[in-house]
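Just below is one structure, and these are the notes that go with it.
Since every read-out is calculated from the coordinates, none of them should be taken as a lab result. Source: prediction; values computed, not measured. Using ideal geometry, Cβ is built from the backbone for each residue, glycine included, and neighbour counts are taken over all protein chains shown.
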Amino acid sequence: MSERTIELEVLRYRPEQDQEPFFQTYKVPCEEEWVVLDALNYVKEEMDRTLSYRWSCHMFVCGSCGMMIDGEPKLACKAFLKDYPTGKIRVEPLSNFPIERDLVVVLDDFVEKLESVKPYIIPKEERTVEQGEYLQTPAQLKAFKQYTLCINCLCCYAVCPQYGLDESFVGPAALALAHRYNMDSRDLGRAARDDVVAAAEGIWHCSFVGACSQVCPKDVDPAGAIQQAKFAHGIDYLTSFLPGGKR
Amino acid sequence: MQVIEADVIIVGAGGAGLRTAIAVAEADPKLSIALLSKVYPMRSHTCAAEGGAAGVIKSNDNLEYHFHDTVSGGDWLTDQDAVDLFVNEIPKELLRMEHWGCPWSRETSGNVAVRPFGGMKIMRTWFAADKTGFHMLHTLFQTSIKYPSVKRFDEYYTVDLLTDDGACYGCTAIEMRTGQMRQFRGKAIVICSGGAGKIFPFTTNGAVKTGDGMAMAYRAGVPLKDMEFVQYHPTGLPGSGILLTEACRGEGGYLVNKDGYRYLQDYGLGPETPTPVLKAMELGPRDQLSQAFWHEQKKGRTIPTKWGDVVHLDLRHLGEKKIDERLPLIRELSAKYVDSDPVTTLVPVRPVVHYMMGGIHTDIHAATPLKGLYAAGECACVSINGANRLGSNSLGELLVFGARAGRGAAEYVKKGVRAPGERLDALAADSEARVKAWFQRTQASDRVPALKKRLTTAMEDGCGIYRDEATIKAACDIIVDVRERFKNVALEDKSSVYNTDLYQTLEMDAMIEVAQAVAVSALQRRESRGAHQRLDHVKRDDEAFLKHSMAHYNPNGEPRIDYLDVVITKSKPAERVYGARAGGQSAA
Ligand SMILES: Cc1cc2nc3c(=O)[nH]c(=O)nc-3n(C[C@H](O)[C@H](O)[C@H](O)COP(=O)(O)OP(=O)(O)OC[C@H]3O[C@@H](n4cnc5c(N)ncnc54)[C@H](O)[C@@H]3O)c2cc1C
Ligand code: SF4
Ligand code: SF4
Ligand code: FES
């Protein structure tokens, strides 16, 4: 039934028993159409119950299964085996995050950052349900729609050189999320978000090489969001250095 | 064992759990809330919902239409008082979502747009492209951050409910990062743990949907209602089971058999029209569409593939622009997973297990018969879906009844709740011992994955789109055997940190209970209604079975089933009418 056997080289680390991470190789009989996640599930069900990783939706929307696949951050449910013709695939936990166990990384830092940007509507005017919806034209929707598509998979953090150097950097997905609300015609919260977004650890920390946008599986373009935010703040920022500026 | 206290404990942080948490926080910011989830909230399976959420908002629509569509769609097994308040409250809930920032798709005027959906007479389904559940989940999650009283316990696996003297006071849960069990003690508990599609082998449901909360409530003595009603969605991708939303057909897609023929016209859903008409053809209800596939297969008019027989979904005539604007995820999924770009090619599809109409029995306030215990979302059965849920009603359900559960729980707590007795600690210790036993056992004759395969295969063979006495009995027997064997399984991974062998074993424990409730309820319902079709009892039998099945847990064997009357207010049971006679709106 199997069409092809691949060698899956998986980084293992169980803090209770392993001094340090090591690679374990599994020879996995695979169907042609499979993704890397299917191969991992095969290992888990048929070969080794001790392997741990996160997944749920298997349709690239829950964001659980971000991992390094042959050195690149990818969703395991979107990494098709047919794109790895050599038959040897190396799987590691996302870079730039502490390993909790095997392919599972510690997400605390990201979750705190996400919370810190006040990712909710801070309304222009409180509106009651009886007043109906805010009108928002398709063009107004388009202004922020792309930045709503983030699934929090953290592939972008795994490649961000600035986050790698200094984890106080708020980072691509959280900044894109702040920008998403700032650009929403229903929102008036930009000032409230600025203490995080426009701080030293915020947008100014990004070197705009755009690695984050290249790996994003959802085409969110966090680098573009940060660039737009910098532009929007640029004037304020530069004038702040002039005599009488707010700095 | 560490004890963590909160006024309200919520198990599950999907759409329903988050809506509940916000409702409690808004009802009284002084109440402390513990929100537990075995995955980070945004991983919850609400994220997978594509098509939309129905709610009356346009001037050509009215609440009565939504009421009647839902009641007849559910083959009159719906409780009409629940449906009434559901259709009433859902537009307000959807507007609240709009105020919270949900990026609903819009008309050029700036008003929210609606799209056609199966079994609905008028276009009333709000949508955010084809990622509606995803956007709702993230909107709710992000909005919940605004409320300081909501304390999240992400990646905490809930194991058992803790009850004392007829009331529920909390639960045990394992912190997955450390493997430590904690006792959560509260005054009201709300279960929002989602569905149980994973008891079948081929499903649109994600890995998390294993019926844990249903099993917890069931073991605690709360009946599971109408479990035999399992929805097959007519359009899943072969192999992976990934869903292609009903919106594909709402936007005008066709279903064709191996001869390119729109076969639904042969099953009382016609006549065919080039542009969609609501409640007809491809916009008929899901139960009937999935059943039509079964008949086509029997007639040899489906297309065999290595993943089983398929028919084709034809979207080509919609054109690239519309597909990209309205169905971008569908295009991506089809291209990637079955190598078929819907802009230029037919996409293979087959029916796939999708949704549990049944669940934890609740009243219209989302309260279960166990004092202090509430349930909302897919894990619950408040009976708005009856024998067949209409697409786009469950995203609404989790909002309306999540909010009701939250308000109800807050009110219950504020009225003052007696403190639990000593028994709670003992129960928590039992719960821990149950888990420890799996660690201590060394040699097992059966492995969990093999048992799971056996269980899910039995469900597919015995409780599929069409069933009869013999097939269901066979499934029941296998479940009994699996249940017996499961008692002796052992963990192969004995570690504490993020031990997914343990969680999959706990999930299997829940799946066995839920599967048994489904199969035994199915066996005893000797009629055909909605999604429950018996080849040996082909007619609906209102005399004997216009009733909810209530499955009661039995630790020593199969559940006891008894029945509860359906609430009927203004719609007398009648024939379900689809196709030309249904008078649906043109959706061109
Ligand atoms: C592919 C797909 C498409 C769909 N499309 C639509 C649509 O277009 N319109 C519509 O109306 N409906 C749709 N549905 C149905 C709808 O999405 C679901 O019924 C609904 O989202 C369920 O929400 P929920 O909050 O009840 O559960 P979920 O979102 O599944 O959340 C369950 C929560 O419970 C937690 N949990 C479970 N067990 C435990 C445990 N043991 N311990 C701790 N936490 C636990 C999980 O971590 C999770 O947070 C679709 C469903 C699927 C599968
Ligand atoms: S563009 Fe900025 S955020 Fe993106 S990877 Fe580069 S430094 Fe990081
Ligand atoms: S921006 Fe893209 S890569 Fe980063 S978390 Fe979001 S979806 Fe993932
Ligand atoms: S499993 Fe959900 S994104 Fe891969």
Using just the C-alpha positions of chain B as equal point scatterers, what log10 of I(q)/I(0) does the Debye formula give at each q in 0.08, 0.09 1/Å? -0.50, -0.64
Quick one: Cα centre-to-centre distance for segment A:184-221 and segment A:38-61, in angstrom? 32
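Which trypsin sites (Lys or Arg not before Pro) in segment B:321-421 sit in a loop by DSSP (not H, G, I, E or B) and have at most 10 other Cβ atoms within 10 Å of their own Cβ? Mind showing how you got there, number by number?
Numbers: sites: B:Lys321, B:Lys322, B:Arg326, B:Arg331, B:Lys336, B:Lys371, B:Arg389, B:Arg404, B:Arg407, B:Lys414, B:Lys415, B:Arg418; in loops: B:Arg389, B:Lys415, B:Arg418.
Passing both the DSSP loop test and the Cβ count: B:Lys415.
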Those trypsin sites (Lys or Arg not before Pro) from segment B:201-279 that are DSSP loop and have at most 16 other Cβ neighbours within 10 Å turn out to be B:Lys258
Which is farthest toward the positive dipole end of chain B among B:Leu427, B:Gly51, B:Val311, measuring Cα position about the Cα centre, with Cβ charges +1 (Lys, Arg) and -1 (Asp, Glu)? B:Gly51
Let me see the pair-distance distribution of segment B:441-541: every alpha carbon pair, 10 Å bin width, integer percents in order. 16, 40, 25, 14, 5, 0
State to the nearest 20 debye the size of the charge dipole of segment A:108-239 about its Cα centre, where the only charges are +1 on K and R beta carbons and -1 on D and E beta carbons. 480
Say each of B:Thr344 and A:Lys88 gets a label point 7 Å from the Cα, pointing the same way as Cα to Cβ; how far apart are those two points in nm? 3.5
Going 7 Å from the Cα of B:Ala580 along its beta-carbon direction, which residues of segment B:248-277 have the amide nitrogen within less than 19 Å of the resulting point? B:262-277
What aspartates and glutamates could a cross-link reach from A:Lys142, if we take a straight Cα to Cα line under 16 Å and drop same-chain neighbours fewer than 8 places away? A:Asp184, A:Asp187, A:Asp219, A:Asp221, B:Glu98, B:Glu107, B:Asp130, B:Asp324, B:Glu325
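Translational D (Stokes-Einstein, µm²/s) of segment B:282-382 at 25 °C and 0.890 mPa s when Rh comes from the Kirkwood sum over C-alpha pairs? Present the calculation step by step, with values, prior to reporting the outcome.
Numbers: Rh = 16.7 Å.
My calculation gives 147 µm²/s for D.
Calculate, for B:Lys322 and A:Lys124, the FRET efficiency according to 1/(1 + (r/R0)^6) with r their C-beta to C-beta distance and R0 41 Å; round to the nearest 0.05.
0.80
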Would you list B:Phe184, A:Phe231 from fewest to most Cβ contacts within 10 Å? A:Phe231, B:Phe184
In nm², the average projected area of the convex hull spanned by the Cα atoms of segment B:234-352 is 6.4
Taking the Cα atoms of segment A:5-105, report the difference between the largest and smallest coordinate on each principal axis, in whole Å and largest first. 36, 28, 23
Order by neighbour count: A:Val129, B:Val310, fewest other Cβ atoms within 10 Å first, most last. A:Val129, B:Val310
Whole-Å distance, taken between Cα centres, linking segment B:108-152 and segment A:105-157: 13
List the relative contact order of segment A:5-105 as a percent without decimals, with contacts defined as Cα pairs under 8 Å and 6+ residues apart. 34
Based solely on its DSSP helices, what 222 nm [θ] is calculated for the protein assembly as shown when runs of n ≥ 4 H residues each add -39,500 (n - 2.57) and the sum is averaged over all residues, nearest 500 deg cm²/dmol? -10000 deg cm²/dmol
What does the net charge come to around A:Asp195 if you take all other residues with beta carbon closer than 12 Å to its beta carbon, with K and R at +1 and D and E at -1? +1
Chain B, relative contact order in percent, only Cα pairs under 8 angstrom and at least six apart counted: 23
So what's the angle, to the nearest 10 degrees on a 0 to 90 scale, between helix B:80-99 and the longest Cα principal axis of chain B? 90
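Let me know the whole percent of all Cα-Cα pairs from segment A:108-239 that are separated by more than 17 Å.
Tail fraction, whole percent: 57.
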Can you give the FRET efficiency for A:Ala191 and A:Phe231, using 1/(1 + (r/R0)^6), R0 = 22 Å, r = Cβ-Cβ distance, to the nearest 0.05? 0.80
State the antiparallel share, in %, of DSSP beta bridges confined to chain B, rounding to the nearest 5. 65
Quick calc: nm separation of the 7 Å Cα→Cβ label points for B:Val3 and B:Arg434 -> 2.0
Kirkwood-type radius of segment B:55-176, with distances r between different C-alpha atoms, in Å: 17.4
How much of the DSSP bridge set in the protein assembly as shown is antiparallel, in percent, rounded to the nearest 5? 70
Please say if chain A is rounded, prolate or oblate, where rounded means a/c under 1.5 for a ≥ b ≥ c the square roots of the C-alpha gyration tensor eigenvalues, and otherwise the choice is prolate for a/b larger than b/c and oblate otherwise? prolate
To the nearest 20 debye, what charge dipole does segment B:316-434 have about its Cα centre, counting +1 at the Cβ of each Lys and Arg and -1 at the Cβ of each Asp and Glu? 360
Exposed GluC sites (Glu not before Pro) being those in a DSSP loop with at most 12 other Cβ atoms within 10 Å, the longest stretch of chain A free of them is A:127-247
Report the far tail of the P(r) of the protein assembly as shown, meaning the percent of Cα-Cα pairs longer than 54 Å. 6
What percent do you get for the relative contact order of segment A:108-239 when only Cα pairs under 8 Å and 6+ apart count? 31
Taking the number of other C-beta atoms within 10 Å as the exposure measure, put B:Cys476, B:Cys379, A:Cys153 in order starting with the fewest. B:Cys476, A:Cys153, B:Cys379
Unit charges at the beta carbon, dipole of segment B:386-519: most positive-side option, B:Met508, B:Asn488, B:Asn388: B:Asn388
I need the Debye-formula profile for segment B:474-588: one equal scatterer per C-alpha, no solvent, reported as log10 I(q)/I(0) at q = 0.18 1/Å, two decimals. -1.00
Which one of B:Pro234, B:Ala574, A:Gly234 is farthest out on the positive end of the charge dipole of the protein assembly as shown, using unit charges on Cβ (Lys, Arg +1; Asp, Glu -1) and the Cα centre as origin? B:Ala574
